[in-house]
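Here the structure comes first, spelled out in C-alpha cells, and everything after it is commentary.
Values quoted throughout were computed directly from the atomic coordinates according to the rules given, and no laboratory measurement underlies them. Nothing here was measured: the structure is a model prediction, and the numbers come from that model. In this analysis, Cβ positions are derived from the backbone assuming ideal geometry, glycine residues included, and neighbour counts consider all displayed protein chains.
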Amino acid sequence: MAKFIMIQPDKCTGCKNCVQACSYVKEKQFRPSASRIHVYSWEREGISVPMMCQQCSDAPCASVCPTGAMHRVDGSSLIDYDASKCIRCRMCVQACPFGNAIYDSVTDRILKCDTCHDDPSCVAACPVKAIEYVDENIATRSRKKVFATKFKEAFKEVA
Amino acid sequence: MNGWTGTTLRVNLTTGDIKKEPTNLQDARNFIGARGLASKILTDEIDPKIDPLSPANKLIFAPGPLSGTMAPSMGRYDVVCKAPLTNLIAASNSGGSFGPELKFAGYDMVILEGAAKKPAYLWIKDDAVELRDASAVWGMNVPDTTDALRAVTDEDAKVACIGPAGEKKVLFASIMNEMGRAAGRSGVGAVMGSKMLKAIVVVGTKPVTVADPDAFEKAVMVAREKISTHPVGGTGLRVYGTDVLVNILNSVGSLPTRNFHDGYFANADKFGGESLTAKYLTRPRGCFSCIISCGRATKVTNPKFAGEGEGPEYESAWCFGSDCGIDDMDAITKANYICNDLGLDTITMGSTIACAMDLYESGHISLKDTGGMAVPFGDPELMVKLVEMTGNREGFGDQLAEGSYRLATRYGHPEFSMTAKMQEMAAYDPRGVQGIGLNFATNNRGGCHVRGYTISPEVLGVPFKVDQHATEGKPGLVITFQNLTAALDSCGTCLFTTFGIGADELAALLSAVTGIQYSTEDFMKAGERIWNLERMFDLKSWITAKDDKIPERMMKEAIHTGPSKGEVSHVDQMLPEYYQLRGWDAKGVPTPEKLKELSLA
C-alpha cells in the first residue's frame, strides 16, 4: 500500500524542525529557503500549517514537463525530479496548484519533496507528530477517531 | 565559516551609516556568541557610567552559533545593552524565529548606535540593509506594527519591535518578536525607544553551516533523545506549559503571595498549568527548532477579559496572580496579552502592581497619589486596568512605569520593593528555597531566576535533588548554574534544554557546529568568563558588595502559612562562601588572578 505525508495543523507548533531537517538532508546546510517543506504561521491565532508536495496522482508538474524531468516513478505514487533532464523552464513551478514545486536560484534546480524516497526526514524530525507518513487508505483514521471519541463521550454523558 | 556567519552589522542611527564588519573570531571563541559575545562588545565600547537612555548606549541583537541549526530548542537571540531599570548590563533573550532569521540573512549580530531623530525601522533582506521611516507605525501596538511592517516589506518577514511602552520609555519595556515572544527583562525596549527605533524587520535566505556534520548529527540525536524522554523537557512543559510550576511551588510553600508577605496561596490551582490546559489552551507552540513546545496559544472567552494570544508563563501567572492576591485566570491571562501588545515585561509589571497594592494597604500611598483609585490586593479588574495605564503612561500608570523600586522610594519606603539591584525578583520565594535567594542577590541583572535556576535541583530534583531549606553547598550550586547558563545562553540555547541535557551535550554540539573543540571544562570556563565580564561592568557602573542582597523582608518576615511556614532567607550566611568560591575578594571584586585566569585582565 502506498503512503503519503499527512499534515495535522492542529498539532503543529510552528517549530520548523521539519524545514531544517529537509534542508539539511538535501543540501547539508541549514537554509530554510532550500527546504522542500515550508511552515506558515498565523501568530495572532497561534496556528501553523506545513506545506509540501502531495505527489498528485494526476500531477500537473509532470504533465507540463517537456523533458520528463518531473516524472512518475514506475509502480510508485512518487513524482520524482531528474535534474539531468531538466531544462529549467520552470513550467512545473507555474503548474503546481499548491506552489509546492519551487525554483532555487542558488542551486539552479527545482525543489520538490521526494519523500526522501519513502523515508521522509521531515516526519522523523517532527517532535509532535504534526506530520506523519501514513498508508494512504487510512490516512485520516486518527483525525476521524479524535472526533469519534468526542462523540463517544457525548453519548456516555447522555447515557 | 561554520556556526558563526563571520559578519556583524553595525548601524549608526544618528548618522545613518550602515557597516558590515568581520566578527572578531578570537572573541567569538572565548565568549561564544549571543549574550557572551555581545556583552564583550558592549563592555569594550561603552562607559559603564553612561545614562542607559542616552545615545551613548548601544543596543545589540545577537543570536548564537547554534541558532539557525537543528540543535534542539537552540534558536534564541539576546538583546544586550546597559539597562535602564537596573543601570547594569542587560542581556534579555527571546525565542521564536527572529534570531535564526538574522543568521540566515548573514549576521552574527546587529549593533545599533546613537539615536535617530525621528521614528525609524531597520529593514534587512540578506545583504540589503536600509533604515526607513517608521512614522506611520509609531504609536501602534506590537501585533499591528508587525502586520503593518510586513505589508510594506515581506509578508513572511520576522519582526522584532517595541510597542507604546518602549516608545514611552517605560523602564521595563520589552522587545517583542513575532508578536508573542519577548526579550522581556531589564527594559531593553526602553533603550530601543530612546533610539527612536521602532523595529528590526528581517528576511534571510542564506545558509547556516556546521563544521563536522557527522559529529553534529550524533550530538543532535543524543540531545533530542535525552530531552524528549525527560519527564519535564519531554512531556511536562508541552502538556502544561511553564505554568505547571504554580502548584509545584505552592506545594513546597514557595509561591510568593501578596508582594512576598507570604509564600503560600490557597487558591493557586485556579491559575496553575492544569487549569490553563483545561480551560484556555488552544495548542502548544514551539520556537524555532524547539522540541519542547512550552509556548501556549490561549483564548479567553469571558467578555470582560476576552482575547487571544500567547501565555501566560508561570512567572506571569504568578505576578498577576498570587503576588497581587488574585486567583482570576481570565484577568491574569488578559494582563499577559496587554503586556504582549504594549511591550511590557510581565514580571516587573505584576510585581510593581503588587508593590503599589502593598503600599496602598499599608497607608504609604493614598487616593490622592493614585489619582483617586483605590489599589487593594485582590482586585482583578483594577490589576488589568493598571497594566494598560502603565504601558501608556497614563495617570497613576506613569508612576508604575518606573518599576517598583523607584515607586516605593518615591514614597519613602524602598523596602516595599521586592527587587534585587532594582530588578523585581521572579516567582520563587527566597525564604522557602535558599539557593535561589543567593542567586537573586548575586545575579548580574538583579532579581533574575533564569540565570542561576537552582529551582531545578532544589525543588524539581533535576538533575539531582537537594534540600530546598539547606544553605550548605548552595554557593557552589548557584555558581555552577550561573556559569552553565551564561555559556548556554551564549550558544542561543533555551534554558529548558537543561531538563534533559547539560554541559557535556552542549559542548559537543558547539564543537561540532563551530569546528572549535570545546571540552566540558572549556564550556563551563566560558560561562565563568562571561559571568565575571558582566560583574566587572556592574561594579564599574554602580554596585558594591552591599548591593548583593535581597529585600530585608526576606530576612525579617517569616513565611506565615503553608509548608515553609516560619522560614526566612539566609543569604548573608552564604555570601562569603560564594565570593570565595568565585575567586573574588571579600568586597565581591574578582581578584587580578581570577581575571588573568579567565583572560579578562
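Would you mind giving the average projected area, over all directions, of the Cα convex hull of region B:148-293 in nm² with one decimal? List each step's numbers first, then the result.
On the way: hull surface 51.6 nm².
Averaged projected area of region B:148-293's Cα convex hull equals 12.9 nm².
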Could you put B:Asp156, B:Asp214 in order, starting from the residue whose Cβ has the fewest other Cβ atoms within 10 Å? B:Asp214, B:Asp156
Exposure proxy check: A:Phe98, B:Phe104 ranked by fewest other beta carbons within 10 Å? A:Phe98, B:Phe104
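Counting only helical runs of four or more DSSP H residues, what would the 222 nm mean residue ellipticity of the protein assembly as shown come to if each run contributes -39,500 (n - 2.57) and the total is spread over all its residues? Don't skip to the answer; put the middle values down first.
Details: 28 runs with 270 residues, N = 760.
Using -39500 (n - 2.57) per qualifying helix, the result is -10500 deg cm²/dmol.
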Pick out, from A:Cys113, A:Met52, A:Pro9, the residue whose Cα sits farthest towards the positive end of the charge dipole of chain A, with +1 on the Cβ of Lys and Arg and -1 on the Cβ of Asp and Glu. A:Pro9
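Can you pull the semi-axes for region B:17-132, root of five times each eigenvalue of the Cα gyration tensor, sorted largest first, whole Å?
Details: eigenvalues 97, 66, 37 Å².
In descending order, the three semi-axes are 22, 18, 14 Å.
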What is the spread of the Cα atoms of region A:16-159 along each of their three principal axes, largest first, in whole Å? 66, 33, 26
Cβ density ranking, 10 Å radius, fewest first, applied to B:Trp318, B:Trp584 yields B:Trp584, B:Trp318
Please give every one of the lysines within straight-line cross-link reach of B:Lys304, meaning a C-alpha to C-alpha distance under 20 Å, and leave out same-chain neighbours fewer than 8 residues apart. B:Lys270, B:Lys279, B:Lys334, B:Lys385
Just want to confirm a number: the relative contact order over region B:239-389, from Cα pairs under 8 angstrom separated by 6+ residues, in percent. 22 percent
Which one, B:Leu386, B:Leu344, B:Ala441, projects farthest toward the positive side of the charge dipole computed for region B:340-479 from Cβ point charges (K/R +1, D/E -1)? B:Ala441
Ratio of alpha-carbon Rg to the 2.2 N^0.38 Å globular estimate for chain B, to two decimals, please. 0.88
Dipole magnitude of region B:271-378 about its Cα centre, charges +1 at Lys/Arg Cβ and -1 at Asp/Glu Cβ only, in debye to the nearest 20? 400 debye
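What number do you get for region A:88-153 when its Cα radius of gyration is normalised by 2.2 N^0.38 Å, N = residues?
Working: Rg = 17.1 Å, N = 66, 2.2 N^0.38 = 10.8 Å.
So the Cα radius of gyration is 1.58 times the expected 2.2 N^0.38 Å.
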Any chance you could run the full-extension gain for A:Ser63 through A:Lys145? It's 0.36 nm times the residue separation minus the Cα-Cα distance, nm to one decimal. 25.9 nm
Rg/Rg_globular for the protein assembly as shown, with Rg_globular taken as 2.2 N^0.38 Å and Rg from C-alpha atoms: 0.94
Taking beta carbons within 10 Å but only from partner chains, what does the mean come to for residues B:279-286? 5
Would you kindly calculate the translational diffusion coefficient of region B:374-529, applying Stokes-Einstein with the Kirkwood radius from alpha carbon pairs, for 37 °C and a viscosity of 0.692 mPa s, and quote it in µm² s⁻¹ without decimals? 185 µm²/s
So how far apart, in nm, are the two label points at B:His469 and B:Glu225 if each is 7 Å from Cα heading toward Cβ? 4.1 nm
Short to long, in 10 Å steps from zero, the percent of alpha-carbon pairs of region B:170-235 per bin is 17, 23, 24, 29, 7
For chain B, give the magnitude of the charge dipole about the Cα centre (Cβ charges: +1 Lys/Arg, -1 Asp/Glu; no others), in debye to the nearest 20. 640 debye
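Quick check on my link table: of B:Lys168/B:Lys540; B:Lys49/B:Lys168; B:Lys19/B:Lys125, which ones sit more than 18 Å apart, alpha carbon to alpha carbon?
On the way: B:Lys168/B:Lys540 28 Å; B:Lys49/B:Lys168 23 Å; B:Lys19/B:Lys125 15 Å.
Cα-Cα > 18 Å for B:Lys168/B:Lys540; B:Lys49/B:Lys168; rest within.
Is there a quick way to get the dipole size of the protein assembly as shown? I mean about its Cα centre, with the Cβ of Lys and Arg at +1 and of Asp and Glu at -1; what is the value in debye to the nearest 20?
Working: 83 positive and 91 negative charges, 173 e Å.
The dipole of the protein assembly as shown has a size of about 820 debye.
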Shielding by partners - mean other protein chain Cβ count within 10 Å, residues of A:44-51: 5
What do you get for Rg/Rh of region B:330-428 when both radii come from the Cα atoms and Rh is the Kirkwood radius? 0.93
Using alpha carbons only, how many degrees (0 to 90, rounded to 10) separate the axis of helix A:141-158 from the longest principal axis of chain A? 10 degrees
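Using r as the Cβ-Cβ distance of A:Lys156 and B:Glu274, and R0 as 30 Å, what FRET efficiency do you calculate, to the nearest 0.05?
Plugging the Cβ-Cβ distance into 1/(1 + (r/R0)^6) gives 0.85.
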Inter-probe distance in nm under a simple model that places probes 7 Å from Cα toward Cβ, at B:Asp572 and B:Ala211: 4.9 nm
Ordered by packing density, taken as the mean number of other Cβ atoms within 10 Å over each peptide's residues, highest first, how do B:197-203, B:139-145 rank? B:197-203, B:139-145
Plugging the Cβ-Cβ distance of B:Thr544 and B:Ala136 into 1/(1 + (r/R0)^6) at R0 = 35 Å yields, to the nearest 0.05, a FRET efficiency of 0.15
Please list B:469-476, B:550-557, B:437-444 highest first by mean number of surrounding beta-carbon atoms within 10 Å per residue. B:437-444, B:550-557, B:469-476
Amide H neighbours of B:Leu344 under 5 Å, at least 5 residues apart or on other chains, H built in the peptide plane: list them. B:Ser174
Descending Cα extents along the principal axes, region B:51-210, whole Å: 40, 34, 25
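Sorted by mean Cβ packing within 10 Å, highest first, what order do the peptides A:69-76, B:105-112 take? Working shown, then result.
Numbers: A:69-76: 14.8, B:105-112: 24.5.
Most protected by this proxy first, the peptides run B:105-112, A:69-76.
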What is the mean number of Cβ atoms from other protein chains located within 10 Å of the Cβ atom of each residue in peptide A:119-131, rounded to a whole number? 2
